[in-house]
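Heads up, the thing below is written out as structure tokens.
The values are calculated or read from the model by the stated rules, or taken from the named source; none is laboratory data. Being a predicted model, the structure only gives us computed values, none of them experimental. Heads up, the Cβs are rebuilt from the backbone with ideal geometry, glycines too, and the neighbour counts pull from every protein chain shown. Only protein heavy atoms, including side chains, enter the accessible area calculation; ligands, DNA and RNA are left aside. Shrake-Rupley method; radii C 1.70, N 1.55, O 1.52, S 1.80 Å.
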Amino acid sequence: CKLAPGEQKKIVDGKCPDDTLLDLQEAYDNHQEQQTIGDFMKFCRKYIDGENGQLVDQKFLPRIVEGEVRVFMIGDKPVELIHKKPAKGGISATLSSGAKYVKYAPDDAKFALLMSKFKADLPKLMDALDLKGQPLPLVWTADFILGPKNADGRDTFFVGEFNCSCVGITKQLERADDVAKAAIAICT
């Protein structure tokens, strides 16, 4: 989501009127469209209204075009990394949008910086989510998007999503024994 070309002139005191035109790109299937801010906010209303209404205002990270890295977890153990690279010109990392998935071992040198930071933060995760004392989910994922390079030229990473309800385990049936062993360990 960004202002359409020429629309910056409508900004007054940091505010855009409802008729300001936006360029939008759908993160699921990569389709592009234009809407006014007023129409876009009407569209978003369905996500905000109601008892459980919510809308996540997440900064757009331009390096999403390089893909996102999914860390597939069983409890506190990373078992696989999946680099999900969008189709050319897209931002969606779903298979249905044409993204390509490449699997890596959790200790692959290509992702050493990401994994060292993630492993350092992992013991603090449940507290940060206000779930102190709760165990990590049995099967879950953490998706990371590349942020801007730091002053040393090294990558930075932003969590785009934690997921423990729909992790696509059917694509990793070879992990079934690992999941079963972890479940048994939790229950005994």
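Of all residues in the stretch 1-13, those satisfying the criterion of being under 27 Å from Gly160 (Cα atoms) and open to solvent by 40 Å² or more (accessible area, probe 1.4 Å) are Cys1, Lys2, Leu3.
In this entry, Gln35 passes the filter for residues that are in contact (Cβ under 8 Å) with a residue 12 or more places away in the chain and not hydrophobic (A, V, I, L, M, F, W, C). None of Arg70, Arg63 is under 17 Å from the mean Cα position of the chain (by Cα), assigned to a helix (DSSP H, G or I) and in contact (Cβ under 8 Å) with a residue 12 or more places away in the chain except Arg63.
For residues in the stretch 22-40 being closer than 29 Å to Leu146 by Cβ and modelled with pLDDT of 90 or more, which is most open to solvent (accessible area, probe 1.4 Å)?
Taking the stretch 22-40 first, the residues closer than 29 Å to Leu146 by Cβ are 22-35, 37, 40.
Still in the running and modelled with pLDDT of 90 or more: 22-24, 33-35, 37, 40.
Working: Leu22: 12, Asp23: 41, Leu24: 24, Glu33: 72, Gln34: 103, Gln35: 40, Ile37: 33, Phe40: 52 Å².
Out of the qualifying residues, it is Gln34.
Is at least one residue of the stretch 76-96 acidic (Asp, Glu) and in contact with a strand residue (DSSP E or B) (Cβ under 6 Å, 6 or more places away or on another chain)? Among the residues of the stretch 76-96, at least one is acidic (Asp, Glu) and in contact with a strand residue (DSSP E or B) (Cβ under 6 Å, 6 or more places away or on another chain), which makes the answer yes.
Go through Gln34, Gln54 for me and flag whichever is touching a Leu at 6+ places or on another chain (Cβ under 7 Å), of a type outside the set (D, E, K, R) and outside any helix (DSSP H, G or I). Walk me through it before giving the result.
Working: Gln54 fails: touching a Leu at 6+ places or on another chain (Cβ under 7 Å).
Sole residue among the options that is touching a Leu at 6+ places or on another chain (Cβ under 7 Å), of a type outside the set (D, E, K, R) and outside any helix (DSSP H, G or I): Gln34.
Could you list, in sequence order, the residues of the stretch 77-119 that are in contact with a Ser or Thr (Cβ under 7 Å, 6 or more places away or on another chain) and hydrophobic (A, V, I, L, M, F, W, C)?
At the first step, the residues of the stretch 77-119 found to be in contact with a Ser or Thr (Cβ under 7 Å, 6 or more places away or on another chain) are 86-87, 90, 99.
Listed by number, the residues that qualify are Ala87, Ala99.
The set of residues in the stretch 132-188 that are open to solvent by 80 Å² or more (accessible area, probe 1.4 Å), free of Cβ contacts under 8 Å to residues at least 60 places away in the same chain and among the β-branched types (Val, Ile, Thr) comprises Thr170, Ile184, Thr188.
Condition check: on the phi > 0 side of the Ramachandran plot, surrounded by 11 or more Cβ atoms within 10 Å (Cβ to Cβ) and in contact with a His (Cβ under 8 Å, 6 or more places away or on another chain). Does Gly67 satisfy that? Before you say what the answer is, go through the steps one by one.
Details: on the phi > 0 side of the Ramachandran plot: yes; surrounded by 11 or more Cβ atoms within 10 Å (Cβ to Cβ): yes; in contact with a His (Cβ under 8 Å, 6 or more places away or on another chain): yes.
In short, yes.
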